[in-house]
Amino acid sequence: MAEPLDHESAENEDTAENSGAEPTEAERTREAIELWVEELKEHLEIPETQIDIDTLLKFAGVAAHTVVRPAAPVSTYVIGYVTGLAVASGQADYHTAFAAATRVADNLLKHRQQAEG
């Protein structure tokens, strides 16, 4: 599971875990996504690959609301594809390639939002 971003979040997680409280819907969703990504990476034989779930989900949400909902999965696929091509060809490491592909896509979405604005 992802590490808490700050000290306060860590305290809240400890309190929820220790109090026996049921996980929230958001916590169950996050856990399901993380487990799915780990399982998928194992079956694709890339268990050590770091996946920035938060960035992908944020980007997918913006794409869905800026273009149309089905643009979300297609857009994240294209970012992954381009990232993989850059890594495989030796043009960049994973983090650099992912950041570059995401930046291009983010800029395109911002341009689209401004044009429609």
Note on residue 4: of the conditions (1) assigned by TED's automatic domain parsing to the domain that holds residue 103; (2) modelled with pLDDT under 95; (3) in contact with an Asp or Glu (Cβ under 9 Å, 6 or more places away or on another chain), unmet is (1)
Exactly one condition in (1) exposed (fewer than 14 other Cβ atoms within 10 Å of the Cβ); (2) among the small types (Gly, Ala, Ser); (3) modelled with pLDDT of 95 or more is false for residue 60; which is it?
(1)
Sort out which residues of region 34-56 are surrounded by 14 or more Cβ atoms within 10 Å (Cβ to Cβ) and free of Cβ contacts under 8 Å to residues at least 24 places away in the same chain, and write them in order of number.
37, 41, 51, 56
Would it be correct to say that residue 68 is over 16 Å from the mean Cα position of the chain (by Cα) and either at pLDDT 95 or above or under 21 Å from residue 112 (Cβ atoms) (or both)?
yes
If you take the residues in region 94-107 that are exposed (fewer than 13 other Cβ atoms within 10 Å of the Cβ) and under 15 Å from the mean Cα position of the chain (by Cα), which one is nearest to residue 44 (Cα to Cα)?
95
Tell me, which residue of region 19-33 that is of a type outside the set (Val, Ile, Thr) and surrounded by 12 or more Cβ atoms within 10 Å (Cβ to Cβ) is farthest from residue 94 (Cα to Cα)?
23
Number of positions in region 66-93 that are outside any helix (DSSP H, G or I), surrounded by 11 or more Cβ atoms within 10 Å (Cβ to Cβ) and of a type in the set (A, V, I, L, M, F, W, C)
2
(1) over 16 Å from the mean Cα position of the chain (by Cα); (2) at pLDDT 95 or above; (3) over 21 Å from residue 30 (Cα atoms) all hold for residue 81 apart from (1)
Looking at region 60-80, I want the residues that are in the same structural domain as residue 115 (by TED's automatic domain parsing) and have a partner that is charged (D, E, K, R) and assigned to a helix (DSSP H, G or I) with Cβ atoms under 6 Å, at least 6 apart or on another chain. Which pairs are those?
66/112
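The values are calculated or read from the model by the stated rules, or taken from the named source; none is laboratory data. As the structure is a prediction and not an experimental result, all values here were calculated from the model. So basically every Cβ, Gly included, is an ideal-geometry build from the backbone, and we count neighbours across all protein chains shown.
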